[in-house]
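Rule-based calculations on the coordinates, nothing more; no lab input. What you see is a predicted model, and the numbers here were worked out from it, not measured in a lab. Glycine gets a Cβ as well: all are built from the backbone with ideal geometry, and neighbour counts include every protein chain shown.
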Amino acid sequence: MSREASILLTLRDQYSPRLQQLRSANADLGREFETLRQRAQAYETRLSGLIQQQGRLQVELADAKRALKEAEKAYRDTGSAADAEALTRAAERYESLRTVLRETTDASRDAQNALRELENQADRLARQESGNPNPDPDTTGGSSGGILRALGQAGAWNLLGDAASQWANTLVGSAFGSDAGSLFSSALAGAGSGAAIGSMIAPGIGTAIGAALGGLVGLAGGAAQTYENQDEAFKEYYQQLYEQGQSAAEESLTSGSATASQRELDQIAFNRLLGDGVGTTYLSDLRSLAAETPMEYSDLTGMSRALATGFGDSPERMLQLMEAIGDAGSAVGVTAQDMTMMAQAMSRMQGSGKASLEYLNILQERGVNVIGMLADAYGKTQGEIYDMISKGKIKGGDAVDIIQAGMESMYGGAMETMAQTFEGLTSTLEDTMTEIDAARGNSYNETRKYGLQAEQKAYDGALGDAISELNRISGNNTAYMENLSEQYTREALEAVLLGEDTSRGLFTDDQLQALQDMRGEFVQASADYENGSYEAGITMDNLRRQAEALGTAAYESSEAYLMVHEGELDLIESIRGLAASFDGWRAEYDLQQAFTKGLAGAVMSAFGSDGEGNQIRKNNAYRYATGLGRVPYNDFPALLHEDERVLTAAEARSYNRGGGAGGVTISGNTFVVRQESDIDAIASSLLVKIKQAGLAGAYG
């Protein structure tokens, strides 16, 4: 943009004065030259406006591009409808600005073409005056043509550079990526602009030199743009990493706190169901069962509540029954809710002492053949079992024992098998992560209780009473101001529409006079409307709106409103003063600034001083006071310590093979060999110690 502007502004500076000289030198053709000069001035004015507009559009387009990127990121993060709408608006604005900029550029080129046509006309006039059909551009008669021709050549070079850069951006970008395309196209555009400038100074050699210099400048500009793109991507990347960590921590705390809270309630409930302390131990066993099986902890607590009514005196039996039901349910493929209903049925049989068909059908209908189990246990047919059930000959406790044994025999180990499936592994991993989050949540909850207790104590006492009184006053004030606002509007409407008097002191004399004038107009308009004037109806509606506006303006000019307004201003000023007197605002500022630092900031922060003015690498430089078995790659960074040793690759290989100057002598030790395997164990242990000592440089 700046290169194009420089050429066009040169045209504005040189074109009109030269036409004036031509007009003076050619009096007979003065009128034609005057026309050309006026037209040139018009095009120059248009070009100047277009140049300024292009500059503004370039800035707005850059802002719109950044806004579009931010909107895209926000939509990727949330996927919300509001962010989708914001993304659509940002994309529409960006495309609209691109269209306007393209149209402005086209208009600028049209103006340049018009000026080149003026050049041709000036050449023709000069040839008519001199009688030379092909005047020398360096002679007096053709000087105007020389200047304009130079400008025309400059414009041609500039247009050629623009076209070449556009094709380069498309083709090279398609082959090697957008950054490569931008870099190459910037170089070509710069070369075109440089050639344009050089052709105006010294055609030929000047064109070549200008093209070379312009290409270098364009290449530098393209490199800067490429770096900016990389820098923006880097900043966005590490900010996402930071935000992911923050979000993960917040989600972990929220989930863990909820889990810990529920477990606290579970502990209270199960201690009441099973006995003080027994419930705590039982829940611990339940968490272990959840971690080892595909079943969720919440599902197991639901089953446990169902079993507790019949087996609450034996937590060990409850765990056995849950495992049996879990194996059976996993084998036949029922849900956790189905398993809970199966547990309820067995608990009811145990508690009632009856093995009714109603209870047995709950298991039978879910694929567990309890009738067959009972038939096998009693040596009866299934028909005979149904007859025994109907006559109440099977006790509930006996049925439960038989069904439990049958489940263990037929389906034992099913949960373990299910635990190795994808779904089972997913469930087990979720249980593990729940335990991890619960550790954070439990710690948070236990510590947070002290703060909640302090809050409750404070707000239950004098502090709560004082704030309640202030809230009462605040609510009264708000209602008073709303009532006053409505009163101003209401009485203004009554004065204009009904001709009623207003409250004393509510409106000023000027406001009352305005209301009276509006009342008179309203009465007249009403009469006109009754006589068939539709225009009068419009006047009546306008007067109503004026009355409402006057009421609002009068309210916002009242002493009460201005007092509230002044109070708000005082509050803002007080808060601003307090904020300035402390450093709390700097934390947010520092955080914002941290995210504006890109690749250059990372490079700078990677180095520090060693205390003697020398730069040393900090980031990715690790301390290895206990030794390092192997340098993993070339240029590996490390901070070394006094008396440590760095070996060459050849020396390291020698030491790894047990070599090195002087060898190793083991003395002063007593080794007890009780069996043959002790020899290998002692040798292996010594080898490890020798290698560690060699790597640390303890010998040699």
Across region 238-246, in residue order, what do the Karplus-derived ³J(HN,Hα) couplings come to in whole Hz, using 6.51 cos²θ - 1.76 cosθ + 1.60 with θ = phi - 60° and x for Gly and Pro? 6, 5, 5, 4, 5, 5, 4, x, 5
Options Leu498, Ala525, Asn445, ranked by Cα towards positive dipole end of region 416-551, top entry (Cβ charges): Asn445
Here the net charge surrounding Leu543, from other residues whose Cβ is less than 12 Å away from its Cβ (Lys, Arg +1; Asp, Glu -1), is -1
Qualifying aspartates and glutamates (Cα of each under 15 Å from Cα of Lys73; at least 8 residues distant if same chain): Asp83, Glu85, Glu232, Glu236, Glu243
With θ set to phi - 60° and the Karplus curve 6.51 cos²θ - 1.76 cosθ + 1.60, what are the ³J(HN,Hα) couplings of region 522-536 in order, to the nearest whole Hz, using x for Gly and Pro? 5, 4, 5, 5, 4, 5, 5, 5, 5, 8, x, 8, 5, 4, 5
Give me the distance between the Cα centres of region 224-263 and region 486-532, rounded to whole Å. 61 Å
Those trypsin sites (Lys or Arg not before Pro) from region 431-517 that are DSSP loop and have at most 16 other Cβ neighbours within 10 Å turn out to be Arg504
Compare the peptides 277-287, 536-546, 571-581 by average per-residue count of other Cβ atoms within 10 angstrom and give them in order, highest first. 277-287, 536-546, 571-581
Residues meeting the amide H criterion for Lys354 (H placed from the backbone, H to H distance under 5 Å, 5 or more places apart or on another chain) are Gly396
